[in-house]
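Beneath this line is the structure, given in structure tokens, with notes to follow.
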Amino acid sequence: GEDVEQSLFLSVREGDSSVINCTYTDSSSTYLYWYKQEPGAGLQLLTYIFSNMDMKQDQRLTVLLNKKDKHLSLRIADTQTGDSAIYFCAESILYNFNKFYFGSGTKLNVKP
Amino acid sequence: DVKVTQSSRYLVKRTGEKVFLECVQDMDHENMFWYRQDPGLGLRLIYFSYDVKMKEKGDIPEGYSVSREKKERFSLILESASTNQTSMYLCATKGQVDSPLHFGNGTRLTVT
């Protein structure tokens, strides 16, 4: 139950909304996270959601969690060229808070 | 804001050299981690530490060791660097049980 899967690429036009999807398999997840990685840099925490929540909104970012389908999404409203990066989904597990499982990342390309 | 500082952004070493990667955090976090990131393989945990002088092996500890003499500093040591250790190395910290990982900016190590 440690698979976290994401599509590899997403391309959108500036000003459109982006939706990045993630599926996970472990039903004992506690938190689900979204990180952003710009070229040559580390992972920047964007937002995270507790697994008993359905939705969290933070400015242009909306996280939706469908626990039944084990599906997590990150919506970026009014996408800007500065949002071009790789986005990682991750989960932590109820019985082991120091264990994190990461997806392989979705590369978002924002065209001007 | 959590600040996680990795001492070098880029490092070039020769095969057989002993290499030290340093990570310092300013948030008094108990938990510190070393990951490596490779294309197609995602993030893989090398070692983590949950307290001073305490460490646990991650998924790929072979060829690495760590040192945590002070709470704020976690060092990754490559005893005898090899070309297959060329990678991006990411340090992360974590506070209390339900807090996320916070990453440094990464060290891109090339072993020639």
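The values are calculated or read from the model by the stated rules, or taken from the named source; none is laboratory data. These figures come from a predicted structure and were not determined experimentally. All Cβ positions, glycine included, derive from the backbone under ideal geometry; neighbour counts span all protein chains shown.
If I ask for residues that are more than 22 Å from B:GLY40 (Cα to Cα) and in contact (Cβ under 8 Å) with a residue 40 or more places away in the chain, which ones from the stretch A:84-109 would you list?
Hits for the stretch A:84-109 are A:ILE93, A:LEU94, A:TYR95, A:PHE97.
What pairs come up if the first residue lies in the stretch A:26-47 and is facing chain B (nearest Cβ under 7 Å), the second is surrounded by fewer than 17 Cβ atoms within 10 Å (Cβ to Cβ) and of a type in the set (Phe, Trp, Tyr), and their beta carbons are under 6 Å apart, counting only those six or more places apart or on different chains?
These pairs meet every condition: A:TYR31/A:PHE50.
Might you let me know whether the stretch B:86-109 holds any residue that is more than 29 Å from A:LEU46 (Cβ to Cβ) and touching a residue at least 12 places away in the same chain (Cβ under 8 Å)?
No, because not a single residue in the stretch B:86-109 is more than 29 Å from A:LEU46 (Cβ to Cβ) and touching a residue at least 12 places away in the same chain (Cβ under 8 Å).
Test of understanding: among B:LEU21, B:LEU78, B:LEU90, which residue is surrounded by 13 or more Cβ atoms within 10 Å (Cβ to Cβ), in contact with a helix residue (DSSP H, G or I) (Cβ under 7 Å, 6 or more places away or on another chain) and modelled with pLDDT of 95 or more?
B:LEU78
Does B:VAL12 meet the test of being in contact with a helix residue (DSSP H, G or I) (Cβ under 6 Å, 6 or more places away or on another chain), of a type outside the set (Lys, Arg) and modelled with pLDDT of 95 or more?
Criteria not met by B:VAL12.
Could you list all residues from the stretch A:72-96 that are more than 14 Å from chain B (Cβ to nearest Cβ) and closer than 15 Å to A:TYR33 by Cβ?
A:LEU72, A:SER73, A:LEU74
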